[in-house]
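Undergrad: Below you'll find the structure I mean.
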Amino acid sequence: MGTFREPRGGMVVFVGAGPGDPDLLTVRGRRIIEQADLVVWADSLVHPGVAALARPDAEVLGSATMTLEEISQRMIEAARAGKLVARVQSGDPAIYGAMHEQMVLLDAADVPYAVVPGVSAVFAAAAALDAELTVPEVAQTVILTRLPSRTTIPQQEQLRAMAAHGGTIALFLTISVVERAVAELIAGGYAEDTPAAVLHRVSWEDETIIRGTLSDIAAASRAAGLTRQALILVGRAIDPQLRRAAAANRSNLYDPSWSHVFRLAEGRGRSPSSSSGVAERDQP
């Protein structure tokens, strides 16, 4: 539907509820839930504190036991009646959010909709680990993927092929087959001592964080009894030892010897031909 429009009656707004903690809900997402006449929320994944933001007189439906057709029909009926519908989904609805098929049915019914992004679990996980996923000379690529189970994966997106790129990998919906994931990552090129972490219900009150390497993370996850709602992060960028070497792996952005469009390197003169004070040749 293009650029987000102000919510109004007669439309559906998909709201990313974030990873768990209601405080991580966006200001816009909260406002829409508070205004909605109908709130349909993923009650098996979204923190109940998010749904509690709904108006006392709003209709609130949990979608865990509903089918796609049932969910869509309730949203379509409400929108056609001039109501504002908030479809609240975990994390960011653009990542494994089953949003696409709902949009297909809304399009077919000619019901307008919009999307409010949310904080993905992958970024909440990085925050919980005090990690940057893209560290200079360590990792400049982040791959978000999963292992196939009941949902198939295109051949060119098999985990072994993704592992060949290196970088940081975030695995959604894979904890139940963590041993197979580890085997694929190692077969694809990751060393057994590559740092790994499993984060269960990150930002929830019962959050669990397990750190290790590819050699032991599967066993540790099994010992903790983790079978769902867990994200797996793999890569050298999440190694806490990187912070012990502060002089290494430094970004050029704030390096005093590096010029860019907003700042000259120390000792460099200004170019009179540049209105910003930084010559074109100095831009990265």
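Undergrad: Do we find that MET1 is closer than 22 Å to ALA108 by Cβ, at pLDDT below 95 and either in a loop (DSSP other than H, G, I, E, B) or touching an Asp or Glu at 6+ places or on another chain (Cβ under 8 Å) (or both) in this structure?
TA: Answer is yes for this residue.
Undergrad: Being touching a residue at least 60 places away in the same chain (Cβ under 8 Å), in contact with a strand residue (DSSP E or B) (Cβ under 7 Å, 6 or more places away or on another chain), hydrophobic (A, V, I, L, M, F, W, C) and farther than 29 Å from TRP204 by Cα: is that true of LEU106 here?
TA: Taking the combined requirement at face value, the residue satisfies it.
Undergrad: If you don't mind, there's one more thing I want to ask. What's the number of the only condition in (1) surrounded by fewer than 19 Cβ atoms within 10 Å (Cβ to Cβ); (2) touching a helix residue (DSSP H, G or I) at 6+ places or on another chain (Cβ under 8 Å); (3) not acidic (Asp, Glu) that VAL202 fails to meet?
TA: Failing condition for VAL202: (1).
Undergrad: Search segment 40-75 for residues being touching a strand residue (DSSP E or B) at 6+ places or on another chain (Cβ under 6 Å) and among the charged types (D, E, K, R), and hand back the single one that is surrounded by the most Cβ atoms within 10 Å (Cβ to Cβ).
TA: Restricting to residues being touching a strand residue (DSSP E or B) at 6+ places or on another chain (Cβ under 6 Å) and among the charged types (D, E, K, R), the top hit is ASP43.
Undergrad: How do the pairs read when you match residues in segment 10-25 that are under 22 Å from ASP37 (Cα atoms) and part of a helix (DSSP H, G or I) with residues anywhere that are at pLDDT 95 or above and not aliphatic (A, V, I, L, M), using Cβ under 6 Å and keeping only pairs 6 or more apart or on different chains?
TA: So the pair list comes out as PRO22/HIS47; PRO22/GLY49.
Undergrad: Let me ask something else about it. Is it the case that some residue within segment 155-171 is in contact (Cβ under 8 Å) with a residue 12 or more places away in the chain, among the basic types (Lys, Arg), part of a loop (DSSP other than H, G, I, E, B) and outside the structural domain of GLY29 (by TED's automatic domain parsing)?
TA: No, segment 155-171 has no match at all.
Undergrad: Further question: Before we move on, is LEU185 in contact (Cβ under 8 Å) with a residue 12 or more places away in the chain and within 23 Å of PRO22 (Cα to Cα)?
TA: no
The values are calculated or read from the model by the stated rules, or taken from the named source; none is laboratory data. Just so it is clear, the structure is predicted and the values come from calculations on it, not from any experiment. For neighbour counting, all protein chains shown are included, and Cβ atoms are generated from backbone atoms with ideal geometry for every residue, glycine included.
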